[in-house]
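Bear in mind that the values in this text are calculations on the coordinates, not laboratory data. In this text the structure is predicted, and so the values were computed from the model without any measurement. FYI the Cβ positions are ideal-geometry reconstructions off the backbone, even for glycines, and counts take in every protein chain you see.
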C-alpha cells in the first residue's frame, strides 16, 4: 500500500499464520532462551501447562503479516518505535494467528512535507478470538522517493 492509501479508522486484516513447535523452539533458542520457550517437558509442568512462544517471536510474526499486507511496495523506511507492547495471553504451538491493524493517525510531518507519519495499532488474535498481542507502532514513509520493491 502507498502512504496515500492509509486513512484514520482503516482496518487491515491479514493471516492466519500457524505457529509450529519447531519455530517456537528455534526462535527462542536463538533469541530468548528461557526454559518455558525451549523445553517442552519442563514447560508442561509450569504455570503455562506447556510450551509458549516468546513475545518477541509474536511481534516478529505480526511484523511479517503487516509487511505482507500493508508495507510491501510502500514508501515505508523506518519506525521511531512503539508506544506500548502487551502480550495479554500466551501463544502456543499450533495456534493460528490473525492480524487486525487499525490506523489511528495518518499525516504529513509539519516540518518535512516529504515525511509521512502513520500511527497504528496492531493486534494478533488466535483462532478462538483471544488477543495475544497488542501494540501501537509509528511508521515513517519517505514521500520524496519512489518505493523500492
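Some values worked out for this structure:
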quantity: Single condition residue 60 does not satisfy, out of (1) closer than 25 Å to residue 106 by Cβ; (2) buried (at least 18 other Cβ atoms within 10 Å of the Cβ); calculated: (2)
quantity: Of all residues making up the stretch 27-54, the number that are surrounded by fewer than 18 Cβ atoms within 10 Å (Cβ to Cβ) and under 27 Å from residue 70 (Cα atoms); calculated: 1
quantity: Boolean, residue 15 is surrounded by 15 or more Cβ atoms within 10 Å (Cβ to Cβ), in contact with a strand residue (DSSP E or B) (Cβ under 9 Å, 6 or more places away or on another chain) and in contact (Cβ under 8 Å) with a residue 40 or more places away in the chain; calculated: yes
quantity: For residue 20: the one exception among (1) over 15 Å from the mean Cα position of the chain (by Cα); (2) crowded, with 18+ Cβ neighbours inside 10 Å; (3) closer than 19 Å to residue 129 by Cα; calculated: (2)
quantity: Count of the stretch 103-133 residues which are in a strand (DSSP E or B) and crowded, with 17+ Cβ neighbours inside 10 Å; calculated: 13
quantity: Residue pairs meeting the criteria (Cβ under 8 Å; at least 6 apart or on separate chains; first touching a residue at least 12 places away in the same chain (Cβ under 8 Å) and on the phi > 0 side of the Ramachandran plot, in the stretch 50-71; second surrounded by fewer than 22 Cβ atoms within 10 Å (Cβ to Cβ) and in a helix (DSSP H, G or I)); calculated: 50/40; 50/43; 50/44
quantity: Odd one out for residue 90, checked against (1) farther than 25 Å from residue 47 by Cα; (2) crowded, with 17+ Cβ neighbours inside 10 Å; (3) in contact (Cβ under 8 Å) with a residue 40 or more places away in the chain; calculated: (1)
quantity: Residue list for the stretch 72-87, filter: without any contact (Cβ under 8 Å) to a residue 60 or more places away in the chain and surrounded by 15 or more Cβ atoms within 10 Å (Cβ to Cβ); calculated: 85, 87
quantity: For residue 97: the one exception among (1) crowded, with 18+ Cβ neighbours inside 10 Å; (2) over 19 Å from residue 51 (Cα atoms); calculated: (2)
